[in-house]
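The structure appears right after this line, and notes come after that.
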Amino acid sequence: MRLIVHTTGDAAAWDAALRQALPGAHIAFWPAPAANADYALVWKPPPQLLRDLQGVKAIFNLGAGVEALAGEPTLPPGASVVRLEDAGMAQQMAEYVCHAVLHRYREFDLYAEQQRAGLWRARPRTQPREFGVGILGLGVLGNAVASALLPFGFALRGWSRTRKQVAGVATFAGARELDDFLAAAQVLVCLLPLTPATRGLLDCATLSRLPRGACVVNVARGALLVDDDLLALLDSGHLAGAMLDVFHDEPLPPAHRFWHHPRVALTPHVAAITLVDEAVAQIAAKIRRLEAGLPITGVVARDHGY
Ligand code: NDP
Ligand code: OXD
C-alpha cells in the first residue's frame, strides 16, 4: 500500500507515527511522485498534488475543517475526502470555549477594569440558567463543547443545518430559526465549517440579533466572520467582546485592528491543534477498514462542502 503525505507540520513525527501504525506501507512525502498512491494524507495541499491523485482510494485531511480541499477544482472528482473526527481536538476545543464562556459569565474583563481603577466592588450575580450560550454548529466539536458546558447550568442553545436533539440544549435548525437562536445568546460560539453557505454568516445583520453586551467566540474559520461588521458592533457597544482564534489571513497581518482592539482577545489558531499520534491512529484504523471493504465515518459530503 502506498501513502503520499503533505503536511505543514513536523514531517518526521508523522513519518514515525505512520510507520508504526501501518508497518509495511510505503510512505512518501510530497513532492515525491504521488500518481500511484493508494491513500493521500494532506493538510492545505498544493493543487499540483491533488491533480496527481487521480487513482487514489481516499484523501485524508489532517484536520477537521476541509474547506481547503472541498472547494479545490483540481480535486479528483470521484475521490473520497475524509476528515478528522475529534482525534483529540474535542477536549482542546472544550477547554478553550469553557474558558471564553466563563471569562464572560464571571465578568473578568470588568473586574480587570475595576482593578485598574483601584475599585473594590462586587458585581450582581447572574444565575447560570439566565445566561444564554449559543453554539453555531452541533457536529463533533459543537457537541463536545455543549457537553463540557452542561455542568455549569447555562441556558445552552445550538444551531445546525438539520434538526438535532442534544440533552440539555435547546436546538434550532436552518436559516428560518437563526434569529430565534441568536436572540438569547449572551455568548455566541462559532463551530461551523466554512462552506459557500456559511461564508460571511457572521455579518452586521446576524451579529445585531445578539442581545446587547453579547460576546463572540470564533474558533471555526476566519471567513465566517465579516471583520469590519464585528469591529463596528464592538465600537458601538452593542457587542462587549470577541475571542478569536481564526482569521481571514493567517498569520493575522500586523496592521489588522484586531491586534490592538481593547475588546478583542486573540490566539494564533491554536484552539484545537491536530495531535499526530491520535490522528494517525484514527486514519490507520480507517485505512484498515477500507482495505477490508468496510465503510468508514467522516467522509465529506462534497455537495455540502463539509
Ligand atoms: P462537523 O462537520 O462535525 O459539524 C459541523 C456542524 O455545522 C454540523 O452540526 C452541521 O449541521 C453544521 N452546519 C454546517 N453547515 C451549516 C449551515 N449552512 N447551517 C447551519 N449549520 C450548519 O465539524 P466539527 O465539529 O468537527 O468541526 C467544525 C469546524 O471547526 C471545522 O470545520 C473547522 O473549521 C473548525 N475547527 C477549528 C479548529 C481550531 O483550532 N480553531 C480545530 C478544529 C476544527 P448538520 O449536523 O445538520 O449537518
Ligand atoms: C482543523 C484546524 O480544522 O486545526 O482541524 O483548524
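Bear in mind these aren't lab numbers, they're just calculated from the coordinates by the rules spelled out. What you are looking at is a predicted structure, and each value in this text was computed from that prediction instead of being measured. Don't worry about glycine lacking a Cβ; one is built from the backbone with ideal geometry, like all the others, and counts go over all protein chains shown.
Each listed q (0.14, 0.16, 0.29 Å⁻¹) maps to a log10 I(q)/I(0) for segment 1-56 from the Debye sum over equal C-alpha point scatterers, namely -0.32, -0.42, -1.25. Using just its DSSP H runs of length 4 or more, each adding -39500 (n - 2.57), the chain gives a mean residue ellipticity at 222 nm of -8500 deg cm²/dmol after division by all residues.
Segment 266-306 and segment 38-57 have Cα centres separated by 15 Å. Sorting 186-199, 100-113, 19-32 by their mean Cβ neighbour count within 10 Å, with the most densely packed peptide first, gives 186-199, 100-113, 19-32. By the compact-protein rule of thumb, 2.2 N^0.38 Å, the alpha-carbon radius of gyration of segment 151-306 corresponds to a ratio of 1.20. Here the dipole of the chain is about 640 debye; that uses its Cα centre as origin and unit charges on the Cβ of Lys and Arg (positive) and Asp and Glu (negative). Taking only the Cα atoms of the chain, the ratio Rg/Rh comes out at 1.01, with Rh defined as the Kirkwood radius. Based on the reciprocal of the average 1/r between different C-alpha atoms, the Kirkwood radius for segment 237-300 equals 15.3 Å. In this rough spin-label picture, where each label sits 7 Å from Cα along the Cβ direction, the Ala173-Trp259 distance is 4.5 nm. For segment 1-137, would you read off the P(r) tail past 17 Å as a percentage of all alpha carbon pairs? Beyond 17 Å sits 69 percent of the P(r) for segment 1-137. Rg over Rh for segment 203-251 works out to 0.95, using Cα positions for both radii and the Kirkwood form for Rh.
Extents of segment 57-215, taken as max minus min of Cα coordinates on every principal axis and listed largest first, are 63, 32, 30 Å.
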